[in-house]
1. Could you state the accessible area per residue of region A:1-94 in Å², with a 1.4 Å probe and every protein chain left in place?
2. What nm distance separates the two modelled labels at B:R336 and B:R47, each placed 7 Å from Cα along Cα→Cβ?
3. I need the chymotrypsin sites (Phe, Trp or Tyr not before Pro) found in region A:305-339, filtered to DSSP loop residues with at most 14 other beta carbons within 10 Å of theirs.
4. Work out the length of the dipole vector of region A:201-329 about its Cα centre, built from +1 on the beta-carbon of each Lys and Arg and -1 on the beta-carbon of each Asp and Glu, and round it to the nearest 20 debye.
5. Give the calculated FRET efficiency between B:E295 and A:L102 to the nearest 0.05, with a Förster radius of 41 Å applied to their Cβ-Cβ distance.
6. Would you give the gap between the C-alpha center of region B:1-59 and the C-alpha center of region A:212-227, rounded to a whole Å?
7. So how strong a dipole does chain B carry about its Cα centre when Lys and Arg Cβ are +1 and Asp and Glu Cβ are -1, to the nearest 20 debye?
8. Determine the order of B:T190, B:T157, B:T38 by accessible area, beginning with the largest, at a probe radius of 1.4 Å.
There are 2 protein chains.
Amino acid sequence: MIIDCHGHYTTAPRELEAYRQSQIAGLGDPSHVPARGTLNISDDQIRESVEKAQLRLQRERGTDLTIFSPRAAGMGHHVGDATTSLHWSQACNDLIHRVCNLYPRNFVGVCQLPQSPGVPPANCIGELERCVKDLGFVGCNLNPDPSGGYWRDPPLTDRSWYPLYEKMVELDVPAMVHVSASCNPAFHFTGAHYINGDTTAFMQFLTSDLFKDFPTLKFIIPHGGGAVPYHWGRYRGLAQDMGKPPLREHLLRNVFFDTCVYHLPGIEVMAKVIPVDNILFASEMVGAVQSIDPETGHYFDDTKRYIDAIPWWSDEDRRKIFEGNARRVYSRLNARLSR
Amino acid sequence: MIIDCHGHYTTAPRELEAYRQSQIAGLGDPSHVPARGTLNISDDQIRESVEKAQLRLQRERGTDLTIFSPRAAGMGHHVGDATTSLHWSQACNDLIHRVCNLYPRNFVGVCQLPQSPGVPPANCIGELERCVKDLGFVGCNLNPDPSGGYWRDPPLTDRSWYPLYEKMVELDVPAMVHVSASCNPAFHFTGAHYINGDTTAFMQFLTSDLFKDFPTLKFIIPHGGGAVPYHWGRYRGLAQDMGKPPLREHLLRNVFFDTCVYHLPGIEVMAKVIPVDNILFASEMVGAVQSIDPETGHYFDDTKRYIDAIPWWSDEDRRKIFEGNARRVYSRLNARLSR
């Protein structure tokens, strides 16, 4: 079985965006009372939205299951307040749930959290619990920068995160660290903000002792870990100069990397420096880059090809990357798949 | 000849820091009139500060010349106002000039610019001109985020930068894009802010047509280009999806990468995807990581070893990386070295 741990519902029916626009319009109207509202999308619309996109790509590329979450850029935690974010997150998560129910062999859910700038992350516990317990989701996406590119909230190692981490540990679900859209003109979203968010989160973990406090807490850093494997020597050296333990011991029981790196030489450096047990297959499809690489004749985001091309990975290594590690990190996946 | 294009004066005598602290103390005193002040450092102090550090490392590692600039984290453009920044930049640049005069075969100067948040970059033209024309410097370090980790100023492609770029073109000097310290608790300076700054700048260039307006403007992106070579497929794909020309044509006549990547697998991915003509040898010594890699027994930042170890680079390739490209990009270097 081949599990893609990083897929977003970027192809949702346009009614979802209309719902969001109406929510945003309400924010500008002082007489408006925020309400969850309704979202009218039929099962057929959902089928159409994934049949021609994610499901077709799964078939064409030979992957089986996508760990599926709302569109990352769409999370927009900087918009409105915590109530805005809760209503929007519930709408997005419920839609993921419907996709997963329609295609239980192809999709398993991961939720968006109702984060909001300046609001303690403990506020997200209710929605996380609902998604895991009621909807059968296996993880969450956690935004290290709810301000949308201005980085005004405390780092991921701040104690304000601890109540959410305690709930993640209790529910046995990991978080993928994933920023949302950038409102900052300095940062292009998929080309700079996403990658910077990954690098930043890793360095926050490195400088802290978070995993002494939470030895079973698990994070996936997407987009191949941002800049981290490329600069693995720098990170090993920085940790050493700070008197931290070696990275394997300090972070790699808790921090994992996905394979959303869109060329073979990138996957090669990851394969050389990151232990196989810490790598989870992912393609981010349908995502940041949607065209064919003229140098190879294949889609940039057809990342399975790069993994297949690493000569020193054994069949057992590839089984871990494609399936075993995802089942271990998203621990609830086994129960979910045996239903 | 082996030219290291990225060295900072991180070992300056402590009088420099005392000068800065006194300058900062003055900012808090409403009756204080900002003045350039004096900095009493003897030639012997300067000799001592580099003999045991940069000069010793040059000898030990077999490099010849360092393109030398003030400490990057020390630039602190967010401190005070444009006058604060001008006085501090002049003090730092004059000190670099003294190092270069004492050791003209070992150091050539690159200046810090007196940037200040919200102040148009044109304000830096005077100091750039002084450093190039009067002090014989061959380039400048340009901070894409004078706010120190909050990214409140316009991107490098904004037209407010154009007067400075016009002067760079006129003087025929390149800029190394280099952030300074981070005041933002989200970003560790050498582990996150530096690398993010590099990635961010590259993506700003990618989304723009800056080099149509300035076909001879040249930037060096340090720290191996941040995350860029690792994600080269992503950047090629993003450019393609945006309808931009291939990156070689779109950016690589103007954008260069240094080799401050502290392990061989990192340099390998750079060597696979970045054309040899766009790679400039650098070590950032004495810099971010100062210890020995227990996996190799050599200093992490002894980057010459990694370049020597790439089997598919020819002697001619290595001559370009070690010398030829630096002479081409820092075009004033030839005249400076033949004095």
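The values are calculated or read from the model by the stated rules, or taken from the named source; none is laboratory data. Because the structure is predicted, anything quoted here is derived from the model rather than measured. Backbone-built Cβ (ideal geometry, glycine too); neighbour counts: all protein chains shown. Keep in mind that these areas ignore ligands, DNA and RNA; they rest on the heavy atoms of the full protein, side chains included. Shrake-Rupley method; radii C 1.70, N 1.55, O 1.52, S 1.80 Å.
1. Values: 4180 Å² over 94 residues.
About 44 Å² of surface per residue is accessible.
2. With each label placed 7 Å out from Cα toward Cβ, I get 2.3 nm.
3. Hits after loop and neighbour filter: A:W312.
4. So the dipole magnitude of region A:201-329 works out to roughly 460 debye.
5. 0.25
6. 39 Å
7. So the dipole magnitude of chain B works out to roughly 480 debye.
8. Heavy-atom accessible area, descending, gives B:T38, B:T157, B:T190.
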